[in-house]
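Engineer: The structure that follows is given in the form of structure tokens.
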Amino acid sequence: MLNRYDRFSPLSGEAEIKYLDGDFRVVRPGAFVRCAVTGVPIPLEELKYWSVDLQEPYATPEAVLQRQKGKRGK
């Protein structure tokens, strides 16, 4: 019997994602995406915040607010 440390990770590297309303679709498989504001890698299983209009992911609610403030200032 294998435990979780014995399994090979089928995915590695950065994924390409199409962000949809309430969901996302993987265009190119990978293990993570990078926050558009901070550059921090976000594992796909932890991805909760993104913009459909801007097609970009965010690591935290604070990153979303920071992007929205920057967008309004332009």
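Read-outs throughout are calculated quantities, based only on the coordinates presented, and are distinct from any laboratory measurement. All values derive from a computational prediction rather than experimental measurement. Here Cβ is always computed from backbone atoms with ideal geometry, including for glycine, and neighbour counts include all displayed protein chains.
Engineer: Just the residues that are within 13 Å of E16 (Cα to Cα) and of a type in the set (F, W, Y), please, taken from segment 30-49.
Structural biologist: Answer for segment 30-49, where residues must be within 13 Å of E16 (Cα to Cα) and of a type in the set (F, W, Y): just F32.
Engineer: If we keep just the residues of segment 50-74 that are surrounded by 15 or more Cβ atoms within 10 Å (Cβ to Cβ) and small (G, A, S), which is farthest from E16 (Cα to Cα)? First the steps, then the outcome.
Structural biologist: Keep residues of segment 50-74 that are surrounded by 15 or more Cβ atoms within 10 Å (Cβ to Cβ), which gives 50-51, 56-60, 63-64, 66-67.
Applying the additional criterion that residues be small (G, A, S) yields 51, 59, 63.
Details: S51: 14, A59: 16, A63: 20 Å.
Filtering segment 50-74 for residues that are surrounded by 15 or more Cβ atoms within 10 Å (Cβ to Cβ) and small (G, A, S), the one farthest from E16 (Cα to Cα) comes out as A63.
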